[in-house]
Amino acid sequence: MYPRPIPEEKPALRGLYAGFVGLILILWLLPLVAVMLTAAKTADEIMAGKYWTWPEHFNLVENFQAVFQQTNMWGYFINSLIITLPSVLLVLVFSTLTGYVLARYNFRGNALLFSLFVGGNFLPAQIMMIPVRDLMVSVGLYDTYFALIIFHVAFQTGFATLFMRNFIAALPDELFQAARAEGASPWQTMRHVVIPLMRPALAALAILIFTFVWNDYFWAIVLTQSDVVKPVTAGLNNLRGEWTSAWNIVAAATLFVAVPPVLMFFLMQKHFIAGLTMGAVKG
């Protein structure tokens, strides 16, 4: 007997699904459209309440010039790079080493240690606010780059370790047996066998961690105070006035801040998708 053919989807159901997806997409893009329209308008149009109309005077270039000439956004941007890039690099290094040990070595306390890494992801950031801030003040790191770097590395390594441990555990045992047969040390095995196979996973994880750290606002205002070390998320808050705000300039600055994670995603899109889907299809 031959297997029955899989029935095709009903056109009505397919149309309903497409309409639902289109509606969700429109709702998701509405804030972005509003920001882009606002960034291209003059302050007079914003004050007149013309939020959703097409700009009468296309003022995008002037608004971007004002971002760099009238605000300290470029300094905030550099601060974010100083905080984000080392954080991403350290998280990748620590999570790769920890994930490799947890995935390939059975020792007493392995499951408990892995549970601690996983359990840390479920702690709400708000309950850690006062202890973390007091700790940074007591060790003299409050309002420095190191305060944010140390916290982001510590907080993101738990999720990254879960990601890397599961990825490494899915690699075939024959690869490691062959490496041991060739006399490779654990470090050589990780360097020459594991890491080349983990490039898609490392790329996907790098994009995720970069986005998490770059877009962080909560800890940016908890652990920093002066403009010297504030990242872009906290710097955007400084653009608001006490009585009125130049929302066209704020919107232009928001678009500028969003460029690095978006650019990073498009440059590494192929590796990102491969890292997320690897293992989904069994060969």
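The values are calculated or read from the model by the stated rules, or taken from the named source; none is laboratory data. Model, not experiment: these values are computed from the prediction. Cβ placement follows ideal geometry from the backbone for every residue including glycine, while neighbour counts extend to all protein chains displayed. The area values use the complete protein model at the heavy-atom level, side chains included, leaving out ligands, DNA and RNA. Shrake-Rupley method; radii C 1.70, N 1.55, O 1.52, S 1.80 Å.
Brief remarks on what is shown
- Each principal axis of region 78-202 carries a Cα extent, and these read 52, 34, 23 Å when sorted largest first.
- Debye-formula intensities of region 128-211, expressed as log10 I(q)/I(0) at q = 0.12, 0.17, 0.19 Å⁻¹, are -0.54, -0.79, -0.87 (one equal scatterer per alpha-carbon, no solvent).
- Translational diffusion of the chain, estimated by Stokes-Einstein from the Kirkwood radius over alpha carbon pairs at 4 °C in a medium of 1.567 mPa s, is 58 µm² per second.
- With R₀ fixed at 25 Å, the C-beta to C-beta distance from SER185 to VAL93 puts the FRET efficiency at about 0.85.
- Expressed as a whole percent, the accessible surface of the chain that belongs to carbon and sulfur atoms is 68, based on a 1.4 Å probe.
- The angle separating the long axis of helix 129-138 from the principal Cα axis of greatest extent in the chain is about 90 degrees.
- DSSP loop GluC sites (Glu not before Pro) with at most 14 other Cβ within 10 Å: longest gap in the chain: 57-181
- Against the chain, whose longest principal axis comes from its Cα atoms, helix 110-119 is set at around 10 degrees.
- Ligands, DNA and RNA are left out, and with a 1.4 angstrom probe the accessible area of region 127-247 is 52 Å² per residue.
- Here the Gaussian network model covers the chain, with springs between Cα atoms less than 10 Å apart; of PRO172, PRO261, PRO231, PRO172 fluctuates the most.
- The ILE221 and ALA170 beta-carbon pair, evaluated with R₀ = 41 Å, returns a calculated FRET efficiency of approximately 0.55.
- Listed peptides 199-211, 183-195 by packing density, highest first (mean Cβ within 10 Å): 199-211, 183-195
- Percentage relative contact order, the chain, counting C-alpha pairs under 8 Å, at least six apart: 29 percent
- Principal-axis tilt of helix 247-267 within the chain, Cα atoms, nearest 10 degrees: 20 degrees
- When region 1-117 is reduced to its Cα atoms, the Kirkwood hydrodynamic radius in Å: 21.0 Å
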